[in-house]
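The values are calculated or read from the model by the stated rules, or taken from the named source; none is laboratory data. Please read all numbers here as calculations on a predicted model, not as lab measurements. Ideal geometry is used to build each Cβ from the backbone, glycine not excepted, and the neighbour counts take in all protein chains shown. What goes into the accessible areas is simple: the full protein's heavy atoms, side chains included, and nothing from ligands, DNA or RNA. Shrake-Rupley method; radii C 1.70, N 1.55, O 1.52, S 1.80 Å.
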Amino acid sequence: MKQLLIFCLTILFVPQLLSAQIPEVAKKKFTYVEDRDYLYDHDLRGNTIIPYRAKLRGAHYDSPLDHGQAVFEITGTKVTISEKLRFSTAGIDAAPNKEPVTMHIHKTESKAFGFVMTLIDLRNPEIQGFIQFHCDRGRLVKLHYQEEPTSSEHIYYIAPTPDYQLERDRLYFSQLGDISLVDEEQLYKQKVVPFSTLELKYDHLAFKRIYAKDLVSIEFEEVIIPKGKRRKKRELYIKINDSRNRENPKQVFVIKKNKRSRFFDPIKGKEVPAHVLRVENDLTSKESEIFLVEGSNQTLKYIVIGNVRYLLRSK
């Protein structure tokens, strides 16, 4: 009886003790510098950018922002800017009733510091503004926004990724350059854990970060089925797990054919090297193609499944 009591108490209290030793990770509220690389002007499209600090140009100090006080939502042809703020050289005050502003993207130019996006109000073409995207080696660090020539310029800062998050991301997600596409035999021993996705919309690719809680992975598997004493049947599978896809969180495809060919990128408007997998859905028997797009040295850069691209983490 005494041993049973000790056993029950152990089951009851040990999980609480263990969980208390693990530091609670704060829920992400802002965009991180390391969330995405901005190498080309089309990389700006499809992003929702949430800065964590801001100031009026000319002010000596920047101020912290609450989540959602400033949001830049960029699609293929327009930008919606939500600033629930009032700026002055003395600091920033909340303005919760301030309405968002939607501007048309007139043009985007590459600059030494990053990019400049010229904005125009289609209802009043004389109103023109801009957003400057300041990048450090392809990583977005701050925005300069001016709604029109007579308005003040607002500077927004992007949050650096915390060290603990960088370490977790490095250990958890698959890295660019780590998965070779040269040896097909090695491919079928791989499990890919993508870092982010790009979903093809009408005129842009919508970007979304992946987190460990999303349980996203893509596995390549080889199964050998005995067929008598000397014969064996080889089945190749690709398994997609994505808890964010509520309709199909788990999908299994039989790989019928794997050949090195090209993938047409509709955003870049050109073909890029890729391995084309001719697959059959294990449940519906519907056939389709999955593309393993190559990066440098014939390593995996991203995987295209339907309208979604699964991207690896850049180092």
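What to note about this one:
- Nonpolar atom fraction for the chain, defined as the carbon and sulfur part of the 1.4 Å probe accessible area, stands at 52 percent.
- Restricting segment 230-287 to trypsin sites (Lys or Arg not before Pro) in coil, as DSSP defines it, with at most 14 other Cβ within 10 Å: 230, 244, 246, 268, 286
- By the rule of a C-alpha distance below 16 Å, with chain neighbours fewer than 8 residues away ignored, the lysines paired with residue 250 are 191, 213, 239, 286.
- With the simple model of a label 7 Å out from the Cα in the direction of the Cβ, residue 248 to residue 90 spans 5.9 nm.
- The calculated FRET efficiency for residue 261 paired with residue 73, based on their beta-carbon distance and R0 = 35 Å, is about 0.45.
- Cα-centre dipole for the chain with unit charges at Cβ (Lys and Arg positive, Asp and Glu negative), debye to 20: 1460
- Anisotropy class of segment 228-272 from Cα gyration tensor, a/c 1.5 cut: oblate
- Heavy-atom accessible area ranking, 1.4 Å probe, most first, across 123, 168: 123, 168
- Option label - P(r) over Cα pairs in 10 Å bins from 0, in percent computed here, alternatives [x] 6, 26, 35, 25, 8, 1, 0; [y] 5, 21, 26, 20, 15, 8, 3, 1, 0; [z] 5, 24, 30, 23, 12, 4, 1, 0: [y]
- Each of 155, 176, 144 was scored by the projection of its Cα onto the charge dipole of segment 88-214, and the greatest displacement toward the positive side belongs to 176; charges sit on the C-beta of Lys, Arg, Asp and Glu.
- Using just its DSSP H runs of length 4 or more, each adding -39500 (n - 2.57), the chain gives a mean residue ellipticity at 222 nm of -3500 deg cm²/dmol after division by all residues.
- Cα centroid separation, segment 56-70 to segment 89-164 (Å): 13
- Using a Förster distance of 22 Å, the FRET efficiency for residue 99-residue 63 (Cβ separation, nearest 0.05): 0.55
- Largest GNM mean-square fluctuation across 90, 70, 112, computed for the chain with C-alpha springs under 10 Å, falls on 112.
- Exposed GluC sites (Glu not before Pro) absent: longest stretch of the chain, with sites in DSSP loops and at most 11 other Cβ within 10 Å deemed exposed: 25-246
- Nearest-ten-degree value, helix 163-172 long axis tilted from longest Cα axis of the chain: 30
- Helix 2-21 and the long axis of the chain differ in direction by around 40°, with both axes built from C-alpha atoms.
- Cα gyration tensor shape of segment 58-119, rounded if a/c is under 1.5, else prolate or oblate by comparing a/b with b/c: oblate
- Per residue solvent-accessible surface (Å²) - the chain, probe of 1.4 Å: 61
- Look at the dipole of the chain built from charges on Cβ: of 306, 71, 90, the Cα furthest out on the positive end belongs to 306.
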